[in-house]
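Chemist: What follows is a single structure, and I will ask about it in a moment.
The values are calculated or read from the model by the stated rules, or taken from the named source; none is laboratory data. Keep in mind the model is a prediction, meaning the values are calculated, not measured. Virtual Cβ from ideal backbone geometry, glycine too; neighbours counted across all protein chains shown. Areas reflect the complete protein model, heavy atoms only, side chains present, ligands, DNA and RNA absent. Shrake-Rupley method; radii C 1.70, N 1.55, O 1.52, S 1.80 Å.
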Amino acid sequence: MSLLPYLAYLIISFAYTEAGILYPRVSETREQISLDGIWNFALTDPTNATKGHAEGWYLRDLRAVDSLDVTLMPVPSSYNDIGTDGFGLRDHVGPVWYQRSFIVPTSWTGRRVWIRFSAANYAADVWINGEAAVSHSIGHLPFQAEVTSLVNYGSRSTITVSVNNTMSDTTIPEGSIQELNSGRIKQEHKFDYFNYAGIDRPVVLYTTPSTYIDDISVVTDVDGINGFVNYTVTVEGSDDVTARIGLVDKDGNEVATDTVLEGSLFIPDANLWWPYLMDPNPGYLYSLEVQLFDTFGTLLDKYEQPVGIRTIFWDSDSVKINNRSIYLRGFGRHEDSDIRGKGLDLPLIIRDHNLIKWIGANAYRTSNYPYAEEIMDLADQLGIMIINECPAASIRNLGGELLENHKQSLTEMYNRDKNRPSVIMWSAGNEPGNSSAQTTDDHFREVFAHIHSLDSTRPVTVINFNGRHGNEGGEYIDIIGVNYFSGWSVDVGKLDAVVNNVLKGAQHLRSEFNKPIMITEYGTDTLEGLHMLPSFIWTEEYQTELISRFFQAFDQLRSEGYFIGEMIWSFADFKTDQGINRVGGNRKGIFTRNREPKASAHLLRKRYWALAELLDGVEPPADMNEYIIGN
């Protein structure tokens, strides 16, 4: 079987235009229809990945295509675990096809109509009534297009979507195709999580007026107790408009106003955005209400942008928020759950954030890719700090076209999340590697220059620049992020080596770069319910003993004045590709995949609340000190 159809598919693309990517919100001037629900769904013939495009399936009802076995698929969800066969659906490589009908109300006539996908993994082509609407080729990030001229008003329209999970040596994330001796096509990749695919985040139709607010950029600053909201509003359509910009507090009081599209609002005695447990009122959000009017004073468009007033500063020793040093305590995580895969699951994300608060964490990293906007919204509201990571996971083929796609992924992530107070740091990826030191250095010099050109208000890191894959390019980043698995992948079973290993590694990086250091991954696979005394690898006892050794190293590093955070790997167990070192997936979670605590969760909870008491003066919950013995 030739691999050319798969590779050829990767270059099929419609134009994707750069524009604002504001989260769709209903207002007095904007309406919205969700396209979430049950869609018709079909796999392609694995021997001919381009057949659907060539035969124009987007012009037809998929159910009428003789070669297709059309089933039903929920949106949003990953498709992989919905069915019951492995190689057919779970491990499918290549395009899949989605289709459904919808009705645009006649009341939308005369407005601009948009289709917006919060994400599709990884490459998507979209048609409305058989006409090309938009294509996008980076997963985990939103894309949209105006479809005003493509939809029917007052009668049914059809949307058809082809989603391709194929990765190559130039895609973000990166991968390769292998043809097995059975003739089956298999996707190979270096990252250690399951390659979930499909339309896994919400799809909406929404309206804007002819003249509309296309984008809003907000940068805040703090001077003592006073705050500043510096904003820029981009308008599309007519230039003959007036504006009213108002900042509204949680009680509905307008605290500052202006009438220009680019300006600065001064807020005396502002309610600052603080991380969880650093202030009694964490995650305080104002609303920036932007209104456009025509020359007669008639309201044209309105959009409300949440705003958290805070400032970030970093130097060679620390990262500060609102002039107070922060110490990150949290997790690496994954969007991952039973059946849904990476599909957006609102009950799950509420449960996750309740567990984050229960354990006393104040931060997490969007490990290996940006998370759903609804997840990020909760972090904004609750005061959970985020290291926001682009989907450049375990890339190897540095330079060239991959470099350009890497920068594009960072641009799209920045455009989506630039206004979020919870995002305190950008990460350019996880565990990169290349055989050429010079190529690595050149690649990341350009990548970090690109991020800094987009945003000078947040520090930048890349995870695992610690010697394992070389330190080339380390001079260009602001914060050193280290994944270190002493006691597991290094010196497995040797708990007595952990403290010295961690100290030696961190101190070496400090002497080399003189920058703040954080441990972004550490831990050990643990099968819940497995116990041995004395401890042994894979047991709950071993996991708790290992992380306790890391705690000792962390405290010594904190005393040295440059260690800024600890993030265990990982928050919860998650699915991976099949492998002899995996028992149903990666078991390094302190919670099981269905979010129940292992013994390590209770130990980590004691650690995080003790840090909150020591560093932030917070009294731990009453149940932290269970009754043991009386006087």
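Chemist: Can you tell me how many residues in the range 37-52 are assigned to a loop (DSSP other than H, G, I, E, B), in contact (Cβ under 8 Å) with a residue 60 or more places away in the chain and open to solvent by less than 50 Å² (accessible area, probe 1.4 Å)?
Modeler: 1
Chemist: Any chance you could count how many residues in the range 262-278 are open to solvent by 50 Å² or more (accessible area, probe 1.4 Å) and closer than 25 Å to Ile326 by Cα?
Modeler: 3
Chemist: Something else about it: Going by the conditions given, is Tyr562 closer than 20 Å to Tyr364 by Cα, touching a Pro at 6+ places or on another chain (Cβ under 7 Å) and either charged (D, E, K, R) or open to solvent by less than 20 Å² (accessible area, probe 1.4 Å) (or both)?
Modeler: yes
Chemist: Testing Ala610 on (1) open to solvent by 40 Å² or more (accessible area, probe 1.4 Å); (2) touching a Gly at 6+ places or on another chain (Cβ under 6 Å), one condition comes back false. Which one is that?
Modeler: Of the numbered conditions (1) open to solvent by 40 Å² or more (accessible area, probe 1.4 Å); (2) touching a Gly at 6+ places or on another chain (Cβ under 6 Å), the odd one out for Ala610 is (2).
Chemist: Do you know which residues across the range 588-623 are touching a Phe, Trp or Tyr at 6+ places or on another chain (Cβ under 8 Å) and either under 15 Å from Glu528 (Cα atoms) or of a type in the set (D, E, K, R) (or both)?
Modeler: Scanning the range 588-623 gives Lys588, Gly589, Ile590, Phe591, Arg593, Pro597, Lys598, Ala601, Arg605, Arg607.
Yes/no per residue for (1) part of a loop (DSSP other than H, G, I, E, B); (2) free of Cβ contacts under 8 Å to residues at least 60 places away in the same chain; (3) buried (at least 18 other Cβ atoms within 10 Å of the Cβ); (4) among the hydroxyl-bearing types (Ser, Thr, Tyr):
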position	(1), (2), (3), (4)
Glu545	no, yes, yes, no
Gly584	yes, yes, no, no
Glu619	yes, yes, no, no
Asp623	no, yes, no, no
Glu626	yes, yes, no, no
Ile629	yes, yes, no, no
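Chemist: Scan the range 306-326 and give yes if some residue there is touching a Leu at 6+ places or on another chain (Cβ under 6 Å), farther than 26 Å from Asp478 by Cα and either assigned to a loop (DSSP other than H, G, I, E, B) or open to solvent by 20 Å² or more (accessible area, probe 1.4 Å) (or both), otherwise no.
Modeler: Checked the range 306-326: at least one residue is touching a Leu at 6+ places or on another chain (Cβ under 6 Å), farther than 26 Å from Asp478 by Cα and either assigned to a loop (DSSP other than H, G, I, E, B) or open to solvent by 20 Å² or more (accessible area, probe 1.4 Å) (or both).
Chemist: A further question follows. Condition first: free of Cβ contacts under 8 Å to residues at least 40 places away in the same chain and more than 27 Å from Tyr364 (Cβ to Cβ). Now tell me which residues in the range 386-406 satisfy that.
Modeler: If the condition is that a residue be free of Cβ contacts under 8 Å to residues at least 40 places away in the same chain and more than 27 Å from Tyr364 (Cβ to Cβ), then Glu404 is the only one that fits.
Chemist: Output the number of the condition that Asp81 fails; it satisfies all remaining conditions of (1) surrounded by 21 or more Cβ atoms within 10 Å (Cβ to Cβ); (2) at pLDDT below 95; (3) under 26 Å from Leu344 (Cβ atoms).
Modeler: Looking at each condition in turn, Asp81 falls short on (1).
Chemist: So which residues in the range 236-261 are of a type in the set (A, V, I, L, M), open to solvent by 30 Å² or more (accessible area, probe 1.4 Å) and not in a loop (DSSP other than H, G, I, E, B)?
Modeler: Of everything in the range 236-261, just one residue is of a type in the set (A, V, I, L, M), open to solvent by 30 Å² or more (accessible area, probe 1.4 Å) and not in a loop (DSSP other than H, G, I, E, B), namely Val255.
Chemist: Just to be sure I understand, how many residues within the range 506-549 are under 15 Å from Glu560 (Cα atoms), touching a Ser or Thr at 6+ places or on another chain (Cβ under 7 Å) and among the hydroxyl-bearing types (Ser, Thr, Tyr)?
Modeler: Residues meeting the conditions: 0.
Chemist: In this structure, does Thr366 turn out to be polar (S, T, N, Q) and in contact with a strand residue (DSSP E or B) (Cβ under 6 Å, 6 or more places away or on another chain)?
Modeler: Criteria met by Thr366.
Chemist: Let me ask something else about it. Take the residues of the range 118-133 that are assigned to a strand (DSSP E or B) and touching an Asp or Glu at 6+ places or on another chain (Cβ under 8 Å): which is least open to solvent (accessible area, probe 1.4 Å)?
Modeler: The extreme case among them is Asn121.
Chemist: Go through the range 400-442 and count every residue that is in a helix (DSSP H, G or I) and at pLDDT below 90.
Modeler: Total meeting the criteria: 6.
Chemist: I'm trying to understand the selection: among the residues of the range 97-111, which are crowded, with 18+ Cβ neighbours inside 10 Å and touching a Phe, Trp or Tyr at 6+ places or on another chain (Cβ under 7 Å)?
Modeler: Passing the criteria: Trp97, Tyr98, Gln99, Arg100, Val104, Trp108.
Chemist: Also: State yes or no: is Thr207 more than 26 Å from Tyr414 (Cβ to Cβ), open to solvent by less than 30 Å² (accessible area, probe 1.4 Å) and out of contact with any Gly (no Cβ under 9 Å at 6 or more places or on another chain)?
Modeler: Spelling it out, Thr207 is indeed more than 26 Å from Tyr414 (Cβ to Cβ), open to solvent by less than 30 Å² (accessible area, probe 1.4 Å) and out of contact with any Gly (no Cβ under 9 Å at 6 or more places or on another chain).
Chemist: Return yes when Val219 is aliphatic (A, V, I, L, M), at pLDDT 95 or above, closer than 30 Å to Asn271 by Cα and open to solvent by 20 Å² or more (accessible area, probe 1.4 Å) and no when it is not.
Modeler: Yes, satisfied.
Chemist: How many residues, within the range 586-617, are of a type in the set (D, E, K, R) and not in a loop (DSSP other than H, G, I, E, B)?
Modeler: Here the count works out to 5.
Chemist: Moving to a separate point now. With respect to Ser318, is the statement that it is small (Gly, Ala, Ser) and in contact with a Pro (Cβ under 7 Å, 6 or more places away or on another chain) true?
Modeler: yes
Chemist: Moving on. If you go through the range 290-305 one residue at a time, how many are free of Cβ contacts under 8 Å to residues at least 60 places away in the same chain, part of a strand (DSSP E or B) and not hydrophobic (A, V, I, L, M, F, W, C)?
Modeler: Residues in the range 290-305 being free of Cβ contacts under 8 Å to residues at least 60 places away in the same chain, part of a strand (DSSP E or B) and not hydrophobic (A, V, I, L, M, F, W, C): 1 in total.
Chemist: Pull up the range 171-212, narrow it to residues that are under 25 Å from the mean Cα position of the chain (by Cα), hydrophobic (A, V, I, L, M, F, W, C) and not in a loop (DSSP other than H, G, I, E, B), then point me to the one that is nearest to Val583 (Cα to Cα).
Modeler: Val203
Chemist: Considering only the range 459-540, give the strands (runs of 3 or more DSSP E) lying wholly within it that have at least 3 residues that are under 20 Å from Asp573 (Cα atoms) and open to solvent by less than 40 Å² (accessible area, probe 1.4 Å).
Modeler: Strands (runs of 3 or more DSSP E) meeting the threshold: 517-521.
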